[in-house]
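The values are calculated or read from the model by the stated rules, or taken from the named source; none is laboratory data. Here the structure is a predicted model, which is why all the values come from computation and not from measurement. Backbone-built Cβ (ideal geometry, glycine too); neighbour counts: all protein chains shown.
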Amino acid sequence: MKSSLIVSLLLASGLMAADYSKVVEQPDASEIIKKDLLGPVTTYKMPADCITDDAKAIARGAYIFHNLNGDKAKGDLPEGLSKKNPDGKAKQYGNCVACHNIEGAKGAGNIGPDLHAYHANFIKTGARDNAFVFQKIADARVDNADTKMTINLTTKLFNEREICDITSYIVSIKK
Amino acid sequence: MKKSIKIALALLLASNVAMASDQFSMSEADKAMYAEMLENNPADIMIESGSELLEANVGGNAGLAKFLKVSEDELPKMIASFPRYMEEFKMVVGLDQMLQGAMSANGHKPFTLKSKEMFEMSSYVKSIANGEPMSIDIHANKHMEEAYALGEKTFAQKRGGRGLSCMSCHSPDAIGMLLRTQGLPDLGAPETKAAATWPAYRMTKSALTTLQKRFQGCMENALLAVIPLGSKEMVGLEVYVTEKSKGHTIAIPGLKR
């Protein structure tokens, strides 16, 4: 006999005080959340050969910046980048345009600062350097614990080289 | 126009909206259609089917009132106060979980929380409270206080592939900013009043969607691991978000992008 039926029979016969705690679905989520939590704030050292003017690296950085994932990505896939992870699932990209405007952005959001002419406005003026940009993308919490910016290296969403490609794209001089 | 034809038309239009607004927010044409659809919400038939399911499984409004130990007149007010702690469940429950108990009390195997049947039946039940102000009481007892606190914590917990939390996009200072082309809504404002307008027909999914299911949508989009319907944390989130809509008039089914 199904346990729910037993419970209701017992209830109907008045043998048991109503207790529905066993009838109700209450799946555990705490384990799922625990495994999913963000690791501690991490300061990274930018690799020596990180920033490059290699057009292919910049193209990969741009592609990651402007696209959400391998399934939704538009335009030609740059050399050295995949649309899928080894497990066959769509590779996630940065979707940075969701929050940042930049040269050539389509439908950009405004939650983060506008990154147009970043080289002229921030790097050349000395307001920022490459390492700052690298760290900001890797783990933005170092100088802003409450940031709304995504965390990209501590979460292992991207590897160091990919962060370097994205950084190279942002600090590059655009046409 | 016959109601069934109107509904078919609305459904057809809805699938177009789904395609058009995937990338961009509503155009003027979309807005006009939205107004039209609000008059003929495609979810109306699903609510009707939910009413039949309640009849068959709980004895309709009268059976539900009996289960909740209130008169039929008091039923709308009672429903407007969910999620709430119920002694017979020994926990804070949403309407859907309460209905699992009510089905069982009536000798029926409860619908699962994620089933179409439960979505329809619980949506109908919430619509019984249409016109009532949301009246959740997070100070009613320590269970409600704990559920609220867990919801608040879960709302602020950064996690997932991008290290985001609900707060990243739904904190007071994020409201009105643009994510891609979508404005970030104030979940408690009169024009959104999320808890009073979900379950809703979600045009981008062409489906009746509950509040907890909507939370799962944001988790999926923002790469947070999706947690199951009915879990303590989900009910906590529902309590937390419902408190923001407290006092606002319930209007089910809503119609959302």
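Here are the numbers for this structure:
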{"read-out": "Tally of residues being buried (at least 19 other Cβ atoms within 10 Å of the Cβ) and of a type in the set (Lys, Arg) across the stretch A:22-70", "value": "1"}
{"read-out": "Any hit, the stretch A:122-131, residues being small (Gly, Ala, Ser), at negative phi and without any contact (Cβ under 8 Å) to a residue 12 or more places away in the chain", "value": "yes"}
{"read-out": "The stretch B:94-119 residues that are under 20 Å from B:GLU233 (Cα atoms), paired with ones that are assigned to a helix (DSSP H, G or I) and of a type in the set (S, T, N, Q) (beta carbon under 7 Å, 6 or more apart)", "value": "B:LEU95/B:SER122; B:ASP96/B:SER122; B:LEU99/B:SER122"}
{"read-out": "Residue satisfying all of: in the stretch A:71-96; free of Cβ contacts under 8 Å to residues at least 40 places away in the same chain, small (Gly, Ala, Ser) and within 20 Å of B:ARG180 (Cα to Cα); surrounded by the most Cβ atoms within 10 Å (Cβ to Cβ) among these", "value": "A:ALA73"}
{"read-out": "Single residue of the stretch A:136-151 satisfying the filter (of a type outside the set (Asp, Glu) and over 19 Å from B:GLY161 (Cβ atoms)) that is surrounded by the fewest Cβ atoms within 10 Å (Cβ to Cβ)", "value": "A:ALA145"}
{"read-out": "Residues within the stretch A:113-128 that are crowded, with 21+ Cβ neighbours inside 10 Å and either facing chain B (nearest Cβ under 10 Å) or within 21 Å of the chain's Cα centre (by Cα) (or both), tallied", "value": "1"}
{"read-out": "Filtered residue count, the stretch B:54-111, keeping only those that are among the aromatic types (Phe, Trp, Tyr) and closer than 20 Å to B:ILE138 by Cα", "value": "3"}
{"read-out": "Unmet requirement for A:LEU81, which otherwise passes all of (1) under 27 Å from A:THR147 (Cα atoms); (2) out of contact with any Asp or Glu (no Cβ under 7 Å at 6 or more places or on another chain)", "value": "(1)"}
{"read-out": "Residue pairs meeting the criteria (Cβ under 6 Å; at least 6 apart or on separate chains; first within 22 Å of A:THR154 (Cβ to Cβ) and facing chain B (nearest Cβ under 7 Å), in the stretch A:18-45; second assigned to a loop (DSSP other than H, G, I, E, B) and modelled with pLDDT of 95 or more)", "value": "A:ILE32/B:ALA225; A:ILE32/B:ILE227; A:ASP36/B:GLY160; A:ASP36/B:ALA225; A:LEU38/B:LYS158; A:LEU38/B:GLY163"}
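Residue-by-condition table, conditions (1) outside any loop (DSSP other than H, G, I, E, B); (2) surrounded by 17 or more Cβ atoms within 10 Å (Cβ to Cβ); (3) within 14 Å of another protein chain (Cβ to nearest Cβ):
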| position | (1), (2), (3) |
| --- | --- |
| B:LEU187 | no, yes, no |
| B:THR192 | no, yes, no |
| B:ALA195 | yes, yes, no |
| B:TYR201 | yes, yes, no |
| B:LYS205 | no, no, no |
| B:LEU208 | yes, yes, no |
| B:GLY217 | yes, no, no |
| B:GLU220 | yes, no, yes |
